[in-house]
Amino acid sequence: MTPEDKIISILHKSPADQYSIYRELNDVKMSEILSAIVKLEKDKKIYAIDHRRSERTGLSVPIYSIWTDSQIKDRLNIDSVLAGVRTERLIKYPFLERNLISTNQRATILDIGSAQSSLSKTVAEFGKAMWRVVGIDINPLHDTEGISFFTFYRMDSRKLGFCDEVFDQVICISTVEHIGVLSEAYDIRDEDDQGDIKMISEIHRVLKKDGTLILTLPYGKTRQKREYRIYDQTSLASLISEFSVVKKEFYQYDNGIWKTCVSESEAKKMADLDVIPSYLHSSICVCLLLKKMKDLIANCNFML
């Protein structure tokens, strides 16, 4: 039997999370289980029927069940995007899911830095009856599967080609720390120390009155120069000064586990940890829901 067949056999008995499946299939690696879950979700054979909270980390763990039309809940299927992921997105995507605009509201949503992620299309498909989703990136979009659910523009986030106040919400996941920083991986060759400030100012401009920004970034102690920024209390406050803070959540990476920080002061203390895997930017991640404070006058429909 394939790992997919074995997982289906287990879920026919009762719903289970990935750890329960792993314990029952002691001859299958966790990486194989996660890959099989991704495939089964994509083929619409299983889905996350519910979630449980991990006592060790305080984070949400999906519980899977066999897929049927009558059982699918009206929620963003973020679990299929996260299966197999090891980076900070394990905490960033659930934060995004909790803070997206309601699907009962007609909205135009901008996702910045979307060329290398399936997040835009996942969000667009979820809200296609009510939302218009636009993705931008300085890099081209290679994966065109499902492209009809949203619009993509190749664009520099420091100079957004949109009119004032056209978006109800902007999504910026794991992006701001790279703007204007020299990087071979992202083909960024023009260094701009104010790149992140310029991007946030542009986001403020294109957001409607009372529009919201979902922003995530690495937080902690600034180390030697690398291909991204790490923000501390002062630089973060400067970055988001044009917005009011609706939610601010800190998470700490500790020995392979992401844990919730009780406060920003606790996050500052833990930020001195230097031993983290190379695929993480920092031992601390901050997730923010921000609201536009100042008014601008909209003078056109969408594009400049």
Residue by residue through segment 23-65, note down the ones that are at pLDDT 85 or above and part of a strand (DSSP E or B). Ile46, Arg52, Val61, Pro62, Ile63, Tyr64, Ser65
Cβ-Cβ under 6 Å pairs, at least 6 apart or on other chains, segment 43-65 side over 15 Å from Glu4 (Cα atoms), far side part of a loop (DSSP other than H, G, I, E, B): Ile49/Pro15; Val61/Ser54; Ile63/Pro15
For residues that are among the aliphatic types (A, V, I, L, M) and crowded, with 17+ Cβ neighbours inside 10 Å, scanning just segment 9-27, find the one that is farthest from Tyr47 (Cα to Cα). Leu25
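Could you list all residues from segment 208-252 that are assigned to a strand (DSSP E or B) and farther than 20 Å from Lys268 by Cβ? Break it down stepwise before answering.
Let us first name the residues in segment 208-252 that are assigned to a strand (DSSP E or B), namely 208-219, 231, 243-252.
Listed by number, the residues that qualify are Lys208, Lys209, Asp210, Gly211, Thr212, Leu213, Ile214, Phe243, Ser244, Val246.
Among Ile171, Ile136, which is the only one that is assigned to a strand (DSSP E or B) and modelled with pLDDT of 95 or more? First the steps, then the outcome.
Numbers: Ile136 fails: modelled with pLDDT of 95 or more.
Matching residue, one of Ile171, Ile136: Ile171.
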Looking only at residues in segment 86-116 that are over 14 Å from Phe126 (Cβ atoms) and among the aliphatic types (A, V, I, L, M), which one is surrounded by the most Cβ atoms within 10 Å (Cβ to Cβ)? Leu110
Suppose we keep only residues that are among the small types (Gly, Ala, Ser) and out of contact with any Phe, Trp or Tyr (no Cβ under 8 Å at 6 or more places or on another chain) within segment 1-54. Which one would you say is farthest from Pro94 (Cα to Cα)? Ser9
Identify, from the list Ala129, Ala124, Ala107, Ala115, the residue that is assigned by TED's automatic domain parsing to the domain that holds Val286 and modelled with pLDDT of 90 or more. Ala107
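The values are calculated or read from the model by the stated rules, or taken from the named source; none is laboratory data. A quick note: this is a predicted structure, and the numbers were derived from the prediction, not measured. Note: ideal-geometry Cβ built from the backbone for every residue, glycine included; neighbour counts use all protein chains shown.
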